[in-house]
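Since the structure comes first, as structure tokens, the remarks are kept for the end.
The values are calculated or read from the model by the stated rules, or taken from the named source; none is laboratory data. The structure displayed is predicted, hence computed values, not measured ones. Because the Cβ atoms are built from the backbone with ideal geometry, glycine has one as well, and the counts that use them run over all protein chains shown.
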Amino acid sequence: MNGSPEDFFVHESSIVDFPCSIGKGTRIWHFSHIQSGATIGGHCTLGQNVYVAGRAVIGNGVKIQNNVSVYDGVILEDDVFCGPSMVFTNVINPRSHVSRKKEYRTTRVGRGATIGANATILCGVTIGPYAFIGAGAVVTRDVPAYALVYGNPARRKGWICRCGIPLPMKKESARCPECKDTYTLQQACLIRDMSGESGKEEHSPVGRSCRPDKDPRREKDPTC
């Protein structure tokens, strides 16, 4: 086990199968089950009836609402939000009488992304950093960073700032009315202007890289 039990909270009704890794400040609430081998970062909140499989990886600051199962092959980067009763999968063509445990597909959710209540994420997709998946959406393909998607199947309906405010696009640029961050659209990639910052990308690379802009001062959409 990584982390002392004094460093995190587990409600008495929940089950944690050690060894596993749970970071400092994480809280695990009622009737949840963490399997042996799972990795959960620090300062996470897992609501009621959350299941985390042994090969699931959860970053720091992640919030998982009630009735969510994080299966083998699911990777949640830092600061991801999973709404109540949203669904991950890990097999594309399940059959009761056919074992496909060797066919689990990796599903990656980028830093800061939000998945709304009752959304379904088909296995094998990549959701880019700060993307926003609307409630009840069915995601069947990769979602670019900062994209606002909803529907069945989910389609991009706009772009959204990392602070969660929809972006009013003007031609190929946008400025958030709330936090004032600015963005540029380049070959279907939305890029956040980081000219006034350190220049370091603030999320782990996810999926395919965006090639048109090599300026290190800009944050790139890695899924376009």
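If I filter the range 134-141 for residues that are surrounded by fewer than 16 Cβ atoms within 10 Å (Cβ to Cβ), touching a residue at least 40 places away in the same chain (Cβ under 8 Å) and either out of contact with any Ser or Thr (no Cβ under 9 Å at 6 or more places or on another chain) or in a strand (DSSP E or B) (or both), do I get at least one hit?
The answer is yes, given that some residue of the range 134-141 is surrounded by fewer than 16 Cβ atoms within 10 Å (Cβ to Cβ), touching a residue at least 40 places away in the same chain (Cβ under 8 Å) and either out of contact with any Ser or Thr (no Cβ under 9 Å at 6 or more places or on another chain) or in a strand (DSSP E or B) (or both).
When you check Lys101 against the structure, is it modelled with pLDDT under 95 and either at positive phi or within 16 Å of the chain's Cα centre (by Cα) (or both), yes or no?
For Lys101, the condition - modelled with pLDDT under 95 and either at positive phi or within 16 Å of the chain's Cα centre (by Cα) (or both) - is not met.
Please determine, by comparing only the residues of the range 108-120 that are over 19 Å from Cys189 (Cα atoms) and crowded, with 24+ Cβ neighbours inside 10 Å, which one is nearest to the chain's Cα centre (by Cα).
So, considering only residues that are over 19 Å from Cys189 (Cα atoms) and crowded, with 24+ Cβ neighbours inside 10 Å, the one nearest to the chain's Cα centre (by Cα) is Ile115.
When you go through (1) within 18 Å of the chain's Cα centre (by Cα); (2) more than 18 Å from Thr89 (Cβ to Cβ) one by one for Glu12, which number turns out not to apply?
The number of the failed condition is (1).
Which condition number in (1) within 29 Å of Ile165 (Cβ to Cβ); (2) more than 13 Å from the chain's Cα centre (by Cα) is the one that Val62 fails?
The single condition Val62 does not satisfy is (2).
Which of the residues that make up the range 116-132 are aliphatic (A, V, I, L, M), in contact with a Phe, Trp or Tyr (Cβ under 7 Å, 6 or more places away or on another chain) and either at positive phi or part of a strand (DSSP E or B) (or both)?
Ile121, the sole residue that qualifies.
Please go through (1) part of a loop (DSSP other than H, G, I, E, B); (2) closer than 18 Å to Val87 by Cβ for Val149 and return the number of the only condition it doesn't satisfy.
(1)
What residue, among those in the range 49-99 that are in a strand (DSSP E or B) and among the aromatic types (Phe, Trp, Tyr), is farthest from Ile121 (Cα to Cα)?
Only one residue tops the list, namely Tyr51.
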